[in-house]
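Structure first, commentary second.
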Amino acid sequence: MVTPNRLAIIGRLVGDPTRAAMITALMDGRALTAKELALSANVTPQTASSHLARLTQAALVKAEKQGRHRYHRLASPDVATLVEHMMEMSLTTTPAPKRPFVGTRDKALRSARTCYDHFAGRLGVAITDALINKRVIEFGDEAGVITTKGERFLTEVGISLQNAHPKSRRPICRPCLDWTERRHHLGGRLGAAICTHFFEQGYVRRQTGSRAVTMTRRGQCALKDVFGLENN
């Protein structure tokens, strides 16, 4: 149950610039050490560890130990959705000129990036449009469904929902408002499955130190052959 106190605690935690920087660094879905997060927030590892302890206690971040290292990641897709919406609001709540420039001026992030575990930016929107046009998915206001034709299509191209949080209670398919394109991209388990498939097949690769991803030559061919899309 959401209470005013719980809402205030989350607001204070996310509202701190250092913690906001670390949470943003985790938005590409990877797990990072306190040292790596300290670099992203420009603080010492000790300071980062203190902030991470508070984020973990509030169930915004979860940690796991592997060998000598302790890794941190966002606690759930719901946390990523919250952060994505806050990023959108941070760009729209300030006075804008008559012809506003929405989103970020980082061309790489606008082109293609990960939004926790699914694609965003022009790539994410283009894939979503293609799936809708092919009648693979249908969107409502808050959720979406995979059609019977869509199930056959996904099987044919080798995209499996079993690899994307199979025990999760999150929706299989849902629209997610893209904060740079201001249109919907695909979230939910299907969005995660497509993203996982692209990485496994070598269609995309991460850009160092960024949520941005780059399409490989193989990925460009797949976009055209599978989704009917030219390189974005």
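The values are calculated or read from the model by the stated rules, or taken from the named source; none is laboratory data. Computed from a predicted structure; not experimentally measured. Note that we place each Cβ from the backbone using ideal geometry, even for glycine, and neighbour counts take in every protein chain shown.
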Worksheet entry | Failed condition for Glu230, given (1) surrounded by 15 or more Cβ atoms within 10 Å (Cβ to Cβ); (2) assigned to a loop (DSSP other than H, G, I, E, B) | (1)
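Answer yes or no as to whether Ala164 is surrounded by fewer than 16 Cβ atoms within 10 Å (Cβ to Cβ) and at pLDDT below 90. Before you say what the answer is, go through the steps one by one.
On the way: surrounded by fewer than 16 Cβ atoms within 10 Å (Cβ to Cβ): no; at pLDDT below 90: yes.
Judged against the criteria, Ala164 is not a match.
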Discussion item. Going residue by residue through region 42-60, is there one that turns out to be under 22 Å from the mean Cα position of the chain (by Cα) and under 24 Å from Gln207 (Cα atoms)?
Written reply: no
Item to complete: Take the residues in region 140-153 that are touching a residue at least 24 places away in the same chain (Cβ under 8 Å) and buried (at least 18 other Cβ atoms within 10 Å of the Cβ), then tell me which one is nearest to the chain's Cα centre (by Cα).
Response: Gly144
Discussion item. One residue is enough: does region 18-33 have a residue meeting the conditions touching a helix residue (DSSP H, G or I) at 6+ places or on another chain (Cβ under 8 Å) and among the polar types (S, T, N, Q)?
Written reply: yes
Discussion item. Could you check region 127-151 and list, in sequence order, the residues that are over 22 Å from Phe198 (Cα atoms) and part of a helix (DSSP H, G or I)?
Written reply: Thr148
Worksheet, complete the sentence: Selection from region 177-193 of residues closer than 16 Å to Leu131 by Cβ and surrounded by fewer than 21 Cβ atoms within 10 Å (Cβ to Cβ) yields Glu181, Arg183, His184
Discussion item. Just the residues that are in contact with a strand residue (DSSP E or B) (Cβ under 9 Å, 6 or more places away or on another chain), surrounded by fewer than 23 Cβ atoms within 10 Å (Cβ to Cβ) and more than 22 Å from His85 (Cα to Cα), please, taken from region 109-135.
Written reply: Ile132
Discussion item. Within region 185-198, does at least one residue satisfy the condition of being within 19 Å of Glu88 (Cβ to Cβ) and aliphatic (A, V, I, L, M)?
Written reply: yes
